[in-house]
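Just so it is clear, none of the values below were taken in a lab; they were calculated from the coordinates. From a predicted model like this one, the values you see are computed outputs, not experimental measurements. Counting neighbours? That spans all protein chains shown, and the Cβs are built from the backbone with ideal geometry, glycine included.
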Amino acid sequence: MKDLNSVYSNMKKKYREIFQKTVNAIQSRIDALKPLNFDGDIFYSYEENSVGRQWQNAVVDMFENDISHEIYRKWQEIISYREKYNCKGCATCCNLACSEFSPKELEDKAKTGDNFAKQFTSIFIPYETKEDAEKIYPEYLKLLSENKDGEVYFYHCPKLTDCKRCSDYENRPDICRHFPDNPLDILPESCGFYEWKKEVEPVAMMLHAMVEILEYYKEKIK
Ligand code: SF4
Ligand code: SF4
C-alpha cells in the first residue's frame, strides 16, 4: 500500500497549482468584461449606475449564469463517467466510515430531517474504540489524525457479513449505492473507483477551486 501521507501531500500540492491557474483564468474573464479605458478595480466600492458598478454586475452575472452552470455541467460529467467503473467488493467503505459528527449529533441531525444523517444512522454504528477502527485501515486513520482539525468519529456497518458481503444488498441506502460520489475523497487502492478518482481528480480539483474563488469574489464584490 502506498504511503497515504505522500498521496495526500501530492493532492494538496496539485490543488495549489490548479487553484493558482484557475484564479488566473477567472481573472482573465473578469478583465475581458472590463469597460474600455476604465481604470478601476473589481473590489472597489462604486456608486449605483456607475461604470464600475455595471462592470461588477456583469461579473456577478457571468459567475451566476455562465461559470456556475459550467461547474454543474462538468461535475455531472464526472459523476456519469463513474458509471464506467465498478465496486470490487473490498468492503472498506462498509467497514470504516468516518464523520466529523458524533453518534448523538448524527441522530439529532437525522431527527431534524437531514437526509444524509438519516441514511447514515440507519446503517452505521460507532466503533467502540479508535483502535478497533485502526485495525481496518491504519494508514487512513494516521492520515486523518495528522491532517484533520477536531474530532473524527469512526463507524462500521453491522450488515456486512464475515465474507464481506452486504446482508441487505437490495435495500441498501443511496449513500451505499453511490459511494464514492466525490473523487476528492481519499480512497483505498483496493476500491474499484480508485482509477476513476485518479483520472478525474484534476478536473474535480479545478471545479472545487472555481467554487472557492467564485465565493470569494462574490463576497468581496458584495
Ligand atoms: S448496508 Fe450494505 S452496502 Fe451499505 S454499508 Fe452496510 S454492508 Fe455496506
Ligand atoms: S471501497 Fe470501493 S470497491 Fe470497496 S466496497 Fe466500497 S465502493 Fe466497493
Inset, instruction - Just name the residue that is nearest to residue 99 (Cα to Cα) out of those in segment 169-222 that are free of Cβ contacts under 8 Å to residues at least 24 places away in the same chain and within 16 Å of ligand 1 (Cβ to nearest atom). - result: 185
Inset, instruction - Would you mind stating whether residue 166 is touching a residue at least 40 places away in the same chain (Cβ under 8 Å), within 16 Å of ligand 2 (Cβ to nearest atom), more than 28 Å from residue 11 (Cβ to Cβ) and not aliphatic (A, V, I, L, M)? - result: yes
Legend entry - Given (1) at negative phi; (2) part of a loop (DSSP other than H, G, I, E, B); (3) not acidic (Asp, Glu), index of the condition residue 89 fails: (1)
Legend entry - Single residue of segment 51-97 satisfying the filter (in contact with a strand residue (DSSP E or B) (Cβ under 7 Å, 6 or more places away or on another chain) and not aliphatic (A, V, I, L, M)) that is farthest from residue 136 (Cα to Cα): 94
Inset, instruction - Among the residues of segment 197-220, count how many are crowded, with 18+ Cβ neighbours inside 10 Å and β-branched (Val, Ile, Thr). - result: 2
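For (1) within 23 Å of residue 196 (Cα to Cα); (2) exposed (fewer than 12 other Cβ atoms within 10 Å of the Cβ); (3) under 26 Å from the mean Cα position of the chain (by Cα), each residue gets a yes or a no:
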residue	(1), (2), (3)
23	no, no, yes
35	no, no, no
40	no, no, no
46	no, no, no
54	no, no, no
72	yes, yes, yes
86	yes, yes, yes
117	no, no, yes
Inset, instruction - Considering each of 146, 139 in turn, give the residue that is within 16 Å of ligand 2 (Cβ to nearest atom), touching a residue at least 60 places away in the same chain (Cβ under 8 Å), assigned to a helix (DSSP H, G or I) and within 20 Å of residue 8 (Cβ to Cβ). - result: 139
Inset, instruction - Report, by residue number, each residue of segment 160-176 that is surrounded by fewer than 17 Cβ atoms within 10 Å (Cβ to Cβ) and part of a loop (DSSP other than H, G, I, E, B). - result: 161, 162, 163, 164, 165, 167, 168, 173
Legend entry - Extreme residue, nearest to ligand 2 (Cβ to nearest atom), among residues of segment 149-159 that are within 22 Å of residue 190 (Cα to Cα) and part of a loop (DSSP other than H, G, I, E, B): 157
